[in-house]
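Asks: Below is one structure. I have some questions about it.
The values are calculated or read from the model by the stated rules, or taken from the named source; none is laboratory data. In this text, all values refer to a predicted model and were calculated from it rather than measured experimentally. Neighbour counts are summed over all protein chains in view; Cβ atoms, including those assigned to glycine, are modelled from backbone coordinates with ideal geometry. These accessible areas exclude ligands, DNA and RNA; they are computed on the full protein's heavy atoms, side chains included. Shrake-Rupley method; radii C 1.70, N 1.55, O 1.52, S 1.80 Å.
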Amino acid sequence: MTVRSEGVEKVERYSSGGKGLGIFGLVVVAAIVAYGVIDRGADFQPWFIALCLLFGAIIWASLVRPALVLHEDELELRNIVHDRWVPYARITDFRIDQVTIVFTDEGEKYVGAGFGRSRRMIRRDGAGGVASGGLFTSRFASMTPADDTEKHSLGWLIQDKVRRNAAGAVEKAELSPEIPVAPARGAWAWPQIVILGGLALVTVVLAIVG
């Protein structure tokens with residue numbers, strides 16, 4: 001979990017699974033590339049260096065980059081090469097299973113691979129909250145006593161927090177109908193796409209030429 005401030009906004013970033021393994025992999029790749037560049041006697045072909053860089057980019061995109069990011073007014077599903085931003089007021093149901101699942105009042109379902117719970121944790125936390133696609137009401141604003149939260153996993157606590165944020169945002173929107181709620185939006189992660197595609201092309205060309 002990472003909490004940071006972007007200007008005056010506090011942003012919470014959550015990821016699970018492979019981030020630690022990904023950072024370790026990046027360190028190994030960096031060490032191999034550094035050894036091949038610094039040690040002139042190393043029998044490393046240029047295509048192999050490019051392949052290592054490509055492998056490092058894949059590790060970053062698939063293990064380090066994916067995350068669930070909570071902003072003040074919206075959540076962000078950060079995936080390998082595509083991101084999605086969903087205002088809390090648009091959320092009708094939110095679940096953290098083995099992946100993050102978001103349903104909206106626009107009839108859409110979005111999936112984020114950056115944060116999830118294992119089957120064992122899901123069973124331990126137990127079922128709770130609203131059914132898929134069910135509308136939030138104020139009765140979902142607090143789903144567990146404050147002194148009972150230590151019995152649940154981090155994934156359950158984040159799920160509860162997002163549901164409470166969504167319930168509050170929906171009530172706020174209903175009190176101010178003259179203020180339109182922004183739609184969910186998405187964007188391709190072009191820097192990652194360009195880097196991955198470019199390194200793949202360079203690797204192939206160097207392998208053919210060399």
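Asks: Look through segment 112-164, keep the residues that are among the β-branched types (Val, Ile, Thr) and modelled with pLDDT of 95 or more, and return whichever of them is farthest from VAL64 (Cα to Cα). Walk me through how you get there before you give the answer.
Replies: Step one: list which residues in segment 112-164 are among the β-branched types (Val, Ile, Thr), which gives 122, 130, 137, 144, 149, 158, 162.
Then keep just the ones that are modelled with pLDDT of 95 or more; that gives 158, 162.
On the way: ILE158: 19, VAL162: 22 Å.
Checked segment 112-164; the qualifying residue farthest from VAL64 (Cα to Cα) is VAL162.
Asks: Another question, then. Looking at segment 12-24, which of the residues that are of a type in the set (Gly, Ala, Ser) and open to solvent by 40 Å² or more (accessible area, probe 1.4 Å) is modelled with the lowest pLDDT? Steps first, please.
Replies: Of segment 12-24, the ones of a type in the set (Gly, Ala, Ser) are 15-18, 20, 22.
Of the ones still in play, those that are also open to solvent by 40 Å² or more (accessible area, probe 1.4 Å) are 16-17, 20.
Numbers: SER16: 85, GLY17: 68, GLY20: 87.
Residue satisfying both the conditions and the ranking: GLY17.
Asks: Determine whether GLY56 is modelled with pLDDT of 80 or more, in contact with a Phe, Trp or Tyr (Cβ under 9 Å, 6 or more places away or on another chain) and part of a helix (DSSP H, G or I). Walk me through how you get there before you give the answer.
Replies: On the way: modelled with pLDDT of 80 or more: yes; in contact with a Phe, Trp or Tyr (Cβ under 9 Å, 6 or more places away or on another chain): no; part of a helix (DSSP H, G or I): yes.
So GLY56 does not fit the description; no.
Asks: While we're on this one: Go through (1) over 11 Å from the mean Cα position of the chain (by Cα); (2) closer than 25 Å to VAL202 by Cβ and name the single condition GLU74 misses.
Replies: (2)
Asks: Please go through segment 160-179 and give me each residue that is hydrophobic (A, V, I, L, M, F, W, C) and buried (at least 19 other Cβ atoms within 10 Å of the Cβ), ordered by number.
Replies: Restricting attention to segment 160-179, the residues satisfying the condition of being hydrophobic (A, V, I, L, M, F, W, C) are 162, 166-167, 169-170, 173, 175, 179.
Scanning segment 160-179 gives VAL162, ALA166, ALA167, ALA169, VAL170.
Asks: Counting just the residues of segment 25-35 that are closer than 19 Å to ALA200 by Cα and either open to solvent by 80 Å² or more (accessible area, probe 1.4 Å) or among the β-branched types (Val, Ile, Thr) (or both), which one comes out modelled with the highest pLDDT? Walk me through how you get there before you give the answer.
Replies: Within segment 25-35, the subset closer than 19 Å to ALA200 by Cα is 25-26, 29-30, 32-33.
Now restrict to residues that are either open to solvent by 80 Å² or more (accessible area, probe 1.4 Å) or among the β-branched types (Val, Ile, Thr) (or both): 29, 32-33.
Numbers: VAL29: 95, ILE32: 91, VAL33: 91.
So, considering only residues that are closer than 19 Å to ALA200 by Cα and either open to solvent by 80 Å² or more (accessible area, probe 1.4 Å) or among the β-branched types (Val, Ile, Thr) (or both), the one modelled with the highest pLDDT is VAL29.
Asks: Please enumerate the residues belonging to segment 41-66 that are under 15 Å from the mean Cα position of the chain (by Cα) and open to solvent by less than 80 Å² (accessible area, probe 1.4 Å). Break it down stepwise before answering.
Replies: Here is the first cut: in segment 41-66, the residues under 15 Å from the mean Cα position of the chain (by Cα) are 59-66.
Within segment 41-66, ILE59, ALA61, SER62, LEU63, VAL64, ARG65, PRO66 meet the criteria.
Asks: Output the residues belonging to segment 84-110 that are polar (S, T, N, Q), more than 21 Å from ALA187 (Cβ to Cβ) and open to solvent by less than 50 Å² (accessible area, probe 1.4 Å). Can you show your working first?
Replies: Here is the first cut: in segment 84-110, the residues polar (S, T, N, Q) are 92, 98, 100, 104.
Checking which are more than 21 Å from ALA187 (Cβ to Cβ) leaves us with 92, 98.
Across segment 84-110, the qualifying residue is only THR92.
Asks: Looking at ILE38 and the list (1) in contact (Cβ under 8 Å) with a residue 12 or more places away in the chain; (2) over 18 Å from the mean Cα position of the chain (by Cα); (3) open to solvent by 30 Å² or more (accessible area, probe 1.4 Å), which single condition is not satisfied?
Replies: The failed condition is (1).
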